[in-house]
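J.: Questions regarding the structure given below will be posed in turn.
The values are calculated or read from the model by the stated rules, or taken from the named source; none is laboratory data. What you are looking at is a predicted structure, and each value in this text was computed from that prediction instead of being measured. So basically every Cβ, Gly included, is an ideal-geometry build from the backbone, and we count neighbours across all protein chains shown. We work out accessible area using only protein heavy atoms, side chains counted, and drop any ligands, DNA or RNA first. Shrake-Rupley method; radii C 1.70, N 1.55, O 1.52, S 1.80 Å.
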Amino acid sequence: MTVRPIRVIVADDHPIVRSGIAALLALADDIDVVAEAASGAEAVALAQEHRPDLVLMDLRMPVADGPEIDGAAATALIIESVPGTRVLILTTYETDDHILGAIEAGASGYLLKAAPQEEILAGVRSVVGGQTVLAPAIAAKLVARMRQEASPPRPKLSARELDVLRLVAAGNSNPAIAGRLFISEATVKTHLLHVFEKLGVSDRTRAVTLALELGLL
């Protein structure tokens with residue numbers, strides 16, 4: 001039984017780079033480059049014409065007045081208008097904004113042009129097979145971003161509350177803190193109650209410990 005080759009469109013605005021990628025794909029017996037696009041708009045038009053299995057898309061392409069769009073916008077249009085066609089980003093850009101923009105647009109993978117040739121070929125096959133492919137550096141960035149977003153926001157203590165908590169951490173009693181800061185003992189207690197509430201604790205020791213853990217002190 002003959003297996004149909006994977007039909008791919010290569011989209012990159014640099015002719016030499018585009019030709020190099022196409023030549024790399026042509027070396028694989030199971031991949032057929034059906035078209036090359038020099039812009040985002042051309043990639044969309046060619047995808048609608050050829051209905052390939054995959055578009056290998058660069059992200060940063062010149063956007064001029066008129067119909068030109070960048071790689072992320074082209075990805076979104078292809079995913080919307082050509083059901084069954086997947087998009088694999090192949091680019092030199094790895095900032096958080098580029099990564100998230102491409103994934104939100106519907107890309108099934110994100111590889112860097114500096115990746116080994118076998119990694120790029122394997123990425124094409126994996127994405128067409130229904131998997132998501134991310135370069136190790138990209139995966140690490142996404143994990144770090146997700147952890148950061150999942151972390152609860154750090155409580156914000158006022159300057160005076162921090163002054164009081166620092167003195168508590170140094171072992172000072174409420175009367176001693178009042179004398180050092182030239183405020184009443186009642187005011188010290190009020191500041192501490194606010195600190196306890198913001199940190200979600202009920203005693204001085206835990207307040208100091210948590211403040212240290214959070215980098216507030």
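J.: Any residue at all in the stretch 75-83 that is open to solvent by less than 60 Å² (accessible area, probe 1.4 Å), of a type in the set (Val, Ile, Thr), closer than 22 Å to GLY20 by Cβ and under 17 Å from the mean Cα position of the chain (by Cα)?
T.: yes
J.: Please work out which one of (1) on the phi > 0 side of the Ramachandran plot; (2) assigned to a strand (DSSP E or B) is the condition LEU88 fails and give its number.
T.: (1)
J.: Out of (1) of a type in the set (A, V, I, L, M); (2) under 30 Å from ILE99 (Cα atoms); (3) at pLDDT 90 or above, the odd one out for VAL201 is which?
T.: Looking at each condition in turn, VAL201 falls short on (2).
J.: Next up: Restrict the check to the stretch 28-35 and report whether at least one residue is part of a loop (DSSP other than H, G, I, E, B) and either among the basic types (Lys, Arg) or open to solvent by 50 Å² or more (accessible area, probe 1.4 Å) (or both). Reasoning before the result, please.
T.: Our first condition is that a residue be part of a loop (DSSP other than H, G, I, E, B); within the stretch 28-35, this holds for 28-30.
From what is left, the residues that are either among the basic types (Lys, Arg) or open to solvent by 50 Å² or more (accessible area, probe 1.4 Å) (or both) are 29-30.
Taking every residue of the stretch 28-35 in turn, at least one turns out to be part of a loop (DSSP other than H, G, I, E, B) and either among the basic types (Lys, Arg) or open to solvent by 50 Å² or more (accessible area, probe 1.4 Å) (or both).
J.: Let me ask something additional. Does the stretch 148-172 hold any residues that are open to solvent by 60 Å² or more (accessible area, probe 1.4 Å), more than 30 Å from ASP96 (Cα to Cα) and not in a helix (DSSP H, G or I), and which are they?
T.: Listed by number, the residues that qualify are ALA170, GLY171.
J.: Looking for something outside any helix (DSSP H, G or I), buried (at least 19 other Cβ atoms within 10 Å of the Cβ) and without any contact (Cβ under 8 Å) to a residue 40 or more places away in the chain - is there at least one such residue anywhere in the stretch 110-133? Working first, answer last.
T.: First, the residues of the stretch 110-133 that are outside any helix (DSSP H, G or I): 110-116, 129-133.
Adding the requirement that they be buried (at least 19 other Cβ atoms within 10 Å of the Cβ) leaves 110-111, 133.
In the following step, the residues that additionally are without any contact (Cβ under 8 Å) to a residue 40 or more places away in the chain were identified as 110-111.
Within the stretch 110-133 (the criterion being outside any helix (DSSP H, G or I), buried (at least 19 other Cβ atoms within 10 Å of the Cβ) and without any contact (Cβ under 8 Å) to a residue 40 or more places away in the chain), the answer is yes, since at least one residue qualifies.
J.: Got at least one residue in the stretch 84-103 being modelled with pLDDT under 90 and small (Gly, Ala, Ser)? Working first, answer last.
T.: Just the residues of the stretch 84-103 that are modelled with pLDDT under 90, to begin with: 91-103.
From what's left, small (Gly, Ala, Ser): 101-102.
Checked against the condition, which is being modelled with pLDDT under 90 and small (Gly, Ala, Ser), the stretch 84-103 yields at least one hit.
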